[in-house]
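The values are calculated or read from the model by the stated rules, or taken from the named source; none is laboratory data. Not measured: the values here are computed from a predicted model. Here Cβ is always computed from backbone atoms with ideal geometry, including for glycine, and neighbour counts include all displayed protein chains. Protein only, heavy atoms only, side chains kept; ligands, DNA and RNA dropped before computing areas. Shrake-Rupley method; radii C 1.70, N 1.55, O 1.52, S 1.80 Å.
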Amino acid sequence: MLQTRQNFKPLLLQIGKSMIEEEARQAEKEKMKYMEEHCPTPTVPTCMQELQDLCRKLHKQIDLVDEERYDMEFKLTKSNKEIGDLKIKVQDLKGKFKKPVLKRVRMSADAMLAALLGSKHKVSLDLRANLKQVKKEVKDEVREEKQTSDWRKNVEDKSGMDGRKKMFEAEA
């Protein structure tokens with residue numbers, strides 16, 4: 001069995017090589033046939049009128065070739081676009097599309113509303129306006145009263161269970 005495998009591989013390579021050579025010869029024959037049909041041997045005109053006719057004929061052929069090329073390019077771009085659309089549809093149907101990781105963007109409420117609403121947004125949104133107002137002056141007065149009182153009195157008031165009870169009631 002090993003012997004046949006070793007003989008089989010070179011035989012396949014030889015057959016493949018001969019097939020490739022045959023295809024190359026066939027392509028060359030087709031190319032020559034096409035050139036004979038579409039590109040006749042040029043004849044050198046002898047007078048000015050024949051030269052002008054030849055130029056007109058060549059210009060017409062060039063125009064036809066350009067039109068065909070343009071049509072082919074248009075068809076190619078259209079088919080490529082359809083292929084891309086179909087690929088997207090297939091990907092959507094499979095459902096294996098990975099969503100990209102989004103970056104976090106820090107944006108104020110005003111900037112966000114302006115981005116969402118555009119020029120309609122004119123009212124600034126102040127989120128801190130609705131918060132509870134704390135009067136600092138009252139706390140400062142209370143602190144001054146505590147500092148001016150005698151520290152021994154505070155120690156006596158807080159000592160024992162009565163003092164701790166007063167301290168908890170004052171905090172609450």
Exclusive hit being without any contact (Cβ under 8 Å) to a residue 60 or more places away in the chain and open to solvent by less than 100 Å² (accessible area, probe 1.4 Å), set Gln26, Gln49: Gln26
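Among the candidates Arg69, Arg128, single out the residue that is modelled with pLDDT of 75 or more and open to solvent by 90 Å² or more (accessible area, probe 1.4 Å).
Details: Arg128 fails: modelled with pLDDT of 75 or more.
Going through Arg69, Arg128 in turn, just one is modelled with pLDDT of 75 or more and open to solvent by 90 Å² or more (accessible area, probe 1.4 Å): Arg69.
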Long-range neighbours under 8 Å by Cβ, at least six apart or interchain, first residue farther than 15 Å from Leu58 by Cα within segment 34-45, second at pLDDT below 90 and outside any helix (DSSP H, G or I): none
Hits in segment 33-46 - residues which are surrounded by 10 or more Cβ atoms within 10 Å (Cβ to Cβ) and either at pLDDT 95 or above or of a type in the set (Ser, Thr, Tyr) (or both): Tyr34
Pairs where the first residue, in segment 104-130, is in a helix (DSSP H, G or I) and the second is modelled with pLDDT under 65 and among the hydrophobic types (A, V, I, L, M, F, W, C), C-beta under 7 Å, 6+ apart: Ala109/Leu125; Ala109/Leu127; Asp110/Leu125; Leu113/Leu125
Failed item in (1) open to solvent by 90 Å² or more (accessible area, probe 1.4 Å); (2) modelled with pLDDT under 95; (3) β-branched (Val, Ile, Thr), with Val90 passing the rest: (1)
